[in-house]
Amino acid sequence: MNSIAKSLLKSVKHGRAAWLRSSSSRPGKQCSRRLVLGIETSCDDTGAAVVDDAGCVLGEALHCQKEVHLQTGGIIPVVAQQLHRENIEQVVEEALRVSGVSVAELAAVATTVKPGLALSLGVGLEYSLALVNRHQKPFIPIHHMEAHALTVRLTHHLEFPFLVLLVSGGHCILAVAQGVSDFLLLGQSIDIAPGDMLDKVARRLSLRKHPECHSMAGGQAIEHLAQTGNQEQLMFRLPMNQYRNCNFSFSGLLNLVNNAIAQKEKEEGTEEGEILSCVGDVAAAVQHAVAVHIIQRTYRAMLFCTKNSILPPKNATLVVSGGVASNQYIRKGLQNLAEANDFALLCPPPRLCTDNGVMIAWNGIERLRAGLGVLHGTDGIRYEPKAPLGIDISKRVEEDSIKVPKLKQIRWLAS
């Protein structure tokens, strides 16, 4: 472990860089219901929750590492791993305490095993396997993105099938949810995710030094400054316009933005690390480009699903989840797109869009009901840092070569 990682962990042990949230929406103990404990450690949040088969969240707890990773502008896997190790037992015990449930009363334990950071996934899996073996409980391995996609069924009455867009710091995926553990993958990012890109732009702009943004994550800072910026001052070429598929790309856009920032620094005579006077304009233009790229690919997914009768011709639903789904500018653009195409737009509440134990427990409930992936032995279970979601039909999407309106024709969608 390097010196930076050690110093960050030292600050955590002195109580300056971590917090624990716990809550309960338990209406009263329901002993006849099946209960699942969900455990999440795929990235940098340690989460646990107990959910029953009626969809009641009996208790949850979350240890967030945000303040630690803000100090370095990104997640250091070995630091995330160590913080998971130090906090997972406390988080699980807190979720059980708040729920008023003992391990003996659980029907199963559900844990994220794919995809995610290898070192982080390993902590959750090791703890969970020890727990289920000690108490002789069934184990339900969870696909992190499946859990994000199905969280909306906890908060809304929604039947299959539906279109789902998952946008976060680690993923950007368009898929059709046809059932529990039954997905058609329409497209995904071929390089970095939108949240990762926004964080990198924020670091390049040194937004941690901005008086209004010093305590904000990168994406939050971009959204905040964009509110007072003028997106017309910079125009970025949208990625992949020549490809009629539903894949995403953000690395090329990131290079264009970095070049534009360097040019602005040259024009203003500022050094890298200083705050540009036009920082709000840059933030607005970046946010707009990301939003329109996401909207265009989602529009094609809608048209493809309608054309091929994958979704119902009327009352189809677009579900949007993941951390970037909390960006109100992007969400408004998607709302307008949905309305223009007679789709309903559904999003989980913001606290359930980011990583948490509730979504893992709920996915466990869904799988328990369906009898899918409920294991009564733990031999051979492994975590998978990379794991596709469902059946990949992205080539079929590209073969249909569906044309969608160009930027100038859909700009109103994100205005």
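In the range 309-390, carbon and sulfur make up what percent of the accessible area (probe 1.4 Å)?
That fraction is 51 percent.
What is the mean projected area of the alpha carbon convex hull for the chain, to one decimal in square nanometres? Write down the numbers at each step before the final one.
On the way: hull surface 81.7 nm².
Orientation-averaged projected area of the Cα hull: 20.4 nm².
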For the modelled label position 7 Å from the Cα of Gln178 along Cα-to-Cβ, which residues of the range 280-307 have backbone nitrogen atoms closer than 15 Å?
305-306
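Which trypsin sites (Lys or Arg not before Pro) in the range 225-274 pass both tests, a DSSP loop state and at most 13 other beta-carbon atoms within 10 Å?
Details: sites: Arg237, Arg244, Lys264, Lys266; in loops: Arg237, Arg244.
Answer in residue order: Arg237.
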Output the direction-averaged projected area (hull surface divided by four) of the convex hull of the alpha-carbon atoms of the range 179-302, in nm².
8.9 nm²
Tell me the label-point distance for the pair Ser401, Gln242, using the 7 Å Cα-to-Cβ offset, in nm and rounded to one decimal.
1.5 nm
Along the Cα→Cβ direction, 7 angstrom out, place labels at Glu267 and Val103. What is the inter-label distance in nm?
6.1 nm
Which distance in Å, rounded to a whole number, links the C-alpha centroids of the range 326-354 and the range 302-325?
12 Å
Kirkwood-based shape ratio for the range 272-373, expressed as Rg/Rh from alpha carbons:
1.09
May I ask what percent, to the nearest 5, of DSSP beta bridges between residues of the chain are antiparallel?
60 percent
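Equivalent ellipsoid semi-axes for the range 49-123, as square roots of 5 times the alpha carbon gyration tensor eigenvalues: give them largest first, rounded to whole Å.
Values: eigenvalues 143, 36, 25 Å².
Those come to 27, 13, 11 Å.
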Can you work out the Karplus-derived ³J(HN,Hα) for every residue in the range 53-59? Use 6.51 cos²θ - 1.76 cosθ + 1.60 with θ = phi - 60°, whole Hz, and x for glycine or proline.
7, 9, x, 8, 7, 6, x
With no solvent term and unit scatterers on the alpha-carbon positions of the range 90-243, Debye gives log₁₀ I(q)/I(0) at q = 0.09, 0.15 Å⁻¹ of -0.47, -1.07
Counting DSSP beta bridges with both partners in the range 36-158, what percentage is antiparallel, nearest 5?
55 percent
Amide H proximity to Gln65 below 5 Å, modelled H, separation 5+ or other chain, gives Thr46
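With a 10 Å radius around each residue's Cβ, average the other Cβ atoms per peptide and rank 313-320, 367-374, 250-257, highest first.
On the way: 313-320: 17.1, 367-374: 15.6, 250-257: 18.8.
Packing proxy ranking, top to bottom: 250-257, 313-320, 367-374.
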Among DSSP beta bridges lying fully in the range 100-250, give the percent that are antiparallel, nearest 5.
65 percent
Reach of Lys386 by Cα under 14 Å, taken over aspartates and glutamates that are not fewer than 8 positions away in the same chain:
Glu146, Asp191
Based on Cβ point charges of +1 for Lys and Arg and -1 for Asp and Glu, what charge dipole magnitude is obtained for the range 288-357 about its Cα centre, in debye rounded to the nearest 20?
100 debye
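Ranked highest first by the average count of other Cβ atoms within 10 Å around their residues, in what order do 42-53, 380-391 fall? Intermediate values should be presented prior to the final figure.
On the way: 42-53: 27.1, 380-391: 14.7.
Highest to lowest by the protection proxy: 42-53, 380-391.
I'd like to check one number: the per residue accessible area of the chain, probe 1.4 Å, reported in Å² as a whole number.
Working: 17420 Å² over 415 residues.
Ligands and nucleic acids excluded, the result is 42 Å² per residue.
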Summing -39500 (n - 2.57) over the DSSP H runs of n ≥ 4 in the chain and dividing by its residue number, what mean residue ellipticity at 222 nm do you reach, to the nearest 500 deg cm²/dmol?
-13000 deg cm²/dmol
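Report in % the part of the accessible area of the range 170-255 that belongs to carbon and sulfur, leaving out ligands and nucleic acids; probe 1.4 Å. Before the final figure, lay out each step's value.
Numbers: 1630 of 3690 Å².
Summing carbon and sulfur atoms, their accessible area is 44 percent of the total for the range 170-255.
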Residues meeting the amide H criterion for Asp392 (H placed from the backbone, H to H distance under 5 Å, 5 or more places apart or on another chain) are Leu185
Can you run phi through the Karplus equation (6.51, -1.76, 1.60; θ = phi - 60°) for the range 132-147 and list ³J(HN,Hα) in whole Hz, with x for Gly and Pro?
5, 5, 5, 9, 6, 10, x, 10, 10, x, 10, 7, 4, 6, 4, 4
For the range 109-124, Karplus-derived ³J(HN,Hα) couplings (6.51, -1.76, 1.60; θ = phi - 60°; whole Hz; x for glycine and proline) come out as 10, 10, 9, 5, 10, 6, x, x, 6, 4, 5, 6, 4, x, 5, x
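The values are calculated or read from the model by the stated rules, or taken from the named source; none is laboratory data. From a predicted model like this one, the values you see are computed outputs, not experimental measurements. Glycine also receives a Cβ, built like all others from the backbone with ideal geometry; neighbour counts cover every protein chain displayed. To get the accessible areas, we keep the full protein, side chains included, count just its heavy atoms, and leave off ligands, DNA and RNA. Shrake-Rupley method; radii C 1.70, N 1.55, O 1.52, S 1.80 Å.
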